[in-house]
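Comments concern the structure below.
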Amino acid sequence: MSGGFDLRDEPWIPVRLLTGESVRLGLRQVFKQAHEIEDLELPVPPAAAGLMRILAAITARVAADGDDRLDDLDVAENTKDWIELRRRVLRAGRLHPEAVDRYFDKDVPSGRFDLFDLERPFLQDPRLLTECVDAKGAPNPSGVNKLVMGRPTGINGAVLFGHFTDTAPVPVPAAEATWNLIAQLYFGPSGQCTPRRITEDRTGSGDAAPLRKSVSYFPWGRDLFTSLILAVPRPQGEELGENTDVCPWEGERLDPLKPLPAMTWPGRMLTGRFRHAVLLVPSSDVRQVTDAYITWSTHAPAPVVRDPYQVLDRRKDGNFQPREADGARALWRDLDALLLKDDRQDTQRPPALGSLPRTLLSTLRVRAYGFDQDGQQKDSVWFASTTPRVLTWLEENDAEMAHHIKRCHGSAEEVGDRLDFAAKVAWKIATDSNVDPSPKAKVKLDARKPGPWASAALIRFWPKAETEFWQLTKPERRTDRPLEPFVHAALAALDEAIGPSSRADIRVARARHRARSMLLALLSPKAG
């Protein structure tokens, strides 16, 4: 039964057309007009990271050349055949409208894309209405503030994007509720949640969502059509199984008390790893969401799968984990991890950035969506960022430039670390009369009292370092030694952080000189 907000045709996805016009479209038109769309304009980056995975899964269903689709297992068994099929799809320049309509109107059961369908609301579980109840059996919703990323909940929630309270919750337009539904399923917290009673036990804790505290990287083309086709992950042998691949809106509801089905490519690996269950409560006119249930969806072990859009970093125990999002870290500092192949010891680049069409490399950028969070309840900041057209520097296409990028980034990190240390030493010398300020004297730092100069210097250094970095990526500078420009940027940042007080205070002047000497030592032949 329809609930009245059909995501196939309701305008809920903000996009910018190639003409520069900003509009909202439903899923159907996003796919039909993908070649006319320049970019997504979703204002909630964690929702955009999840939406791109949903769109990529659907793209694999509707992108075809003749009878061959991008999710065809027979084609995917041979990687070269699959890449050739993708090339033909890209050459067509658009998705076939008939294939889009067939998927939305025939391949997927009726009502599955309706946000408020009574039986199978999109990405929701209507069973929560009877399972999330209090001790007396009355409904026990989580509250609409719990749904919306950035709103405070309870008495200690931080106000990030407006003033809302649990005692006077503000309804959410249905379109925005969909964004936050997606964000919750991909980035929701672990720990205590609204209890769910399925058996005699009433369990109220759950696991973190699959993308919690992570950053995603997508190849980004000149139009959304290109970006979506390239977002369809290249099949890996271990992902190809005999089980039928289904997305949550395509198959049957899962039993929360049973083991999870095996991962399959591409739909389940992109949309089938959720750890939360959500149910939205609509207003009487089904144009808003007035309440929500948010709880756990499974306690089964999380499936082991390589996310195609994440950088993996080696931990101290030798295993790899997704690179964590850092709101203070600019995207250029990840660039070498995106360009270099996986034969290094400590980092693996996103599989989505491998085997890209060489004819498109000069036009491709990288889009990053990240959410700086802890593993449980704390949300700090989310971000979206896009590089210039850098994928022509992939190691397999331009190894010299890829390794130059690595040297540049490594030099910047080395100088940044030295600046942090030197500024702390300077502060210690300037403020502790018991410290010997002479150039070779050892200075013992107190980690609890770093002083203000280090953070102030780094805040100034990294923007300067980014400017120098992009200058160093000019083709004529690929053989330059990158250390010197970063050292000069650090010297300027240090002077700005200390300020003019060094002119009047001899001890501050000595501290400044000591810190500058530590930075300049990086340029000595011995240091090199």
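The values are calculated or read from the model by the stated rules, or taken from the named source; none is laboratory data. Not measured: the values here are computed from a predicted model. Don't worry about glycine lacking a Cβ; one is built from the backbone with ideal geometry, like all the others, and counts go over all protein chains shown.
Kindly provide the set of residues from the range 449-465 that are over 32 Å from the mean Cα position of the chain (by Cα) and either without any contact (Cβ under 8 Å) to a residue 24 or more places away in the chain or not in a loop (DSSP other than H, G, I, E, B) (or both), ordered by number.
Across the range 449-465, the qualifying residue is only Lys449.
Might you let me know whether the range 414-425 holds any residue that is among the basic types (Lys, Arg) and at pLDDT 90 or above?
yes
Among the residues of the range 390-411, is any touching a residue at least 40 places away in the same chain (Cβ under 8 Å), at negative phi and in contact with a strand residue (DSSP E or B) (Cβ under 8 Å, 6 or more places away or on another chain)?
Yes.
Would you tally the residues in the range 75-101 being touching a residue at least 24 places away in the same chain (Cβ under 8 Å) and not in a loop (DSSP other than H, G, I, E, B)?
So the answer is 13.
Which of the following residues is among the charged types (D, E, K, R) and in contact with a helix residue (DSSP H, G or I) (Cβ under 8 Å, 6 or more places away or on another chain): Lys442, Lys424?
Lys424
Quick one: how many residues across the range 426-448 are acidic (Asp, Glu) and either in contact (Cβ under 8 Å) with a residue 60 or more places away in the chain or surrounded by 14 or more Cβ atoms within 10 Å (Cβ to Cβ) (or both)?
So the count comes out to 1.
From the list Ala92, Ala135, Ala60, pick out the single residue that is more than 27 Å from the chain's Cα centre (by Cα), at pLDDT 95 or above and of a type outside the set (Asp, Glu).
Testing whether each residue is more than 27 Å from the chain's Cα centre (by Cα), at pLDDT 95 or above and of a type outside the set (Asp, Glu) leaves just Ala92.
Scan Ala423, Ala521 and give me the residue that is touching a residue at least 40 places away in the same chain (Cβ under 8 Å), surrounded by 13 or more Cβ atoms within 10 Å (Cβ to Cβ) and assigned to a helix (DSSP H, G or I).
Ala423
Among the candidates Ile429, Ile405, which residue alone is in a helix (DSSP H, G or I) and in contact with a Pro (Cβ under 7 Å, 6 or more places away or on another chain)?
Of Ile429, Ile405, the one residue that is in a helix (DSSP H, G or I) and in contact with a Pro (Cβ under 7 Å, 6 or more places away or on another chain) is Ile429.
Collect the residues in the range 23-48 that are within 17 Å of Gly221 (Cβ to Cβ), out of contact with any Gly (no Cβ under 7 Å at 6 or more places or on another chain) and of a type outside the set (A, V, I, L, M), keeping them in residue-number order.
Within the range 23-48, Phe31, Gln33, Glu36, Glu38, Asp39, Glu41 meet the criteria.
Test Asp71 against the stated conditions and say whether it is over 22 Å from Trp249 (Cβ atoms), surrounded by 16 or more Cβ atoms within 10 Å (Cβ to Cβ) and either among the small types (Gly, Ala, Ser) or touching a Lys or Arg at 6+ places or on another chain (Cβ under 7 Å) (or both).
no
Any residue at all in the range 354-377 that is touching a Leu at 6+ places or on another chain (Cβ under 6 Å), within 19 Å of Ala465 (Cβ to Cβ) and either assigned to a loop (DSSP other than H, G, I, E, B) or among the hydroxyl-bearing types (Ser, Thr, Tyr) (or both)?
No, the conditions are met nowhere in the range 354-377.
Can you pull out the strands (runs of 3 or more DSSP E) entirely within the range 260-332 that have at least 2 residues that are buried (at least 20 other Cβ atoms within 10 Å of the Cβ)?
Because the criterion is at least 2 residues that are buried (at least 20 other Cβ atoms within 10 Å of the Cβ), the strands (runs of 3 or more DSSP E) in the range 260-332 that meet it are 276-282, 288-296.
Test Asp336 against the criterion of being touching a residue at least 24 places away in the same chain (Cβ under 8 Å) and either under 17 Å from Ala208 (Cα atoms) or in a helix (DSSP H, G or I) (or both), and give yes or no.
The answer is yes for Asp336.
When the residues of the range 274-317 are narrowed to those that are of a type in the set (Gly, Ala, Ser) and touching a Lys or Arg at 6+ places or on another chain (Cβ under 9 Å), which ends up nearest to Asp125 (Cα to Cα)?
Residue satisfying both the conditions and the ranking: Ala277.
Kindly indicate whether Glu496 is under 20 Å from Arg333 (Cα atoms) and either in contact (Cβ under 8 Å) with a residue 60 or more places away in the chain or assigned to a helix (DSSP H, G or I) (or both).
no
If I ask for residues that are over 17 Å from Ala384 (Cα atoms) and assigned to a helix (DSSP H, G or I), which ones from the range 198-227 would you list?
Phe225, Thr226, listed by residue number.
Being among the small types (Gly, Ala, Ser) and under 24 Å from the mean Cα position of the chain (by Cα) is the filter here; which residues of the range 283-326 pass it?
Ser297, Ala302, Gly318, Ala325
I'd like to know if the range 343-360 contains one or more residues that are closer than 30 Å to Gly204 by Cα and of a type in the set (Ser, Thr, Tyr).
Within the range 343-360 (the criterion being closer than 30 Å to Gly204 by Cα and of a type in the set (Ser, Thr, Tyr)), the answer is no, since none of the residues qualifies.
Any residue in the range 205-230 that's over 19 Å from Pro322 (Cβ atoms): show its pairings with residues that are of a type in the set (Asp, Glu) and surrounded by fewer than 24 Cβ atoms within 10 Å (Cβ to Cβ) at Cβ separation under 8 Å, as long as the two are six or more apart or on different chains.
Between residues of the range 205-230 that are over 19 Å from Pro322 (Cβ atoms) and residues that are of a type in the set (Asp, Glu) and surrounded by fewer than 24 Cβ atoms within 10 Å (Cβ to Cβ), the close pairs are Arg222/Glu38; Asp223/Glu36; Asp223/Glu38; Leu224/Glu38; Leu224/Asp39.
Residue by residue through the range 34-74, note down the ones that are without any contact (Cβ under 8 Å) to a residue 12 or more places away in the chain and either touching a Leu at 6+ places or on another chain (Cβ under 8 Å) or in a helix (DSSP H, G or I) (or both).
Asp74
Determine which single condition Ile294 fails, assuming it passes every other condition in (1) under 24 Å from Ala465 (Cα atoms); (2) of a type in the set (A, V, I, L, M); (3) touching a strand residue (DSSP E or B) at 6+ places or on another chain (Cβ under 9 Å).
Going through the list (1) under 24 Å from Ala465 (Cα atoms); (2) of a type in the set (A, V, I, L, M); (3) touching a strand residue (DSSP E or B) at 6+ places or on another chain (Cβ under 9 Å), Ile294 breaks only (1).
So which residues in the range 366-413 are touching a helix residue (DSSP H, G or I) at 6+ places or on another chain (Cβ under 7 Å), among the charged types (D, E, K, R) and under 24 Å from Pro322 (Cβ atoms)?
If the condition is that a residue be touching a helix residue (DSSP H, G or I) at 6+ places or on another chain (Cβ under 7 Å), among the charged types (D, E, K, R) and under 24 Å from Pro322 (Cβ atoms), then Glu395, Lys406 are the ones that fit.
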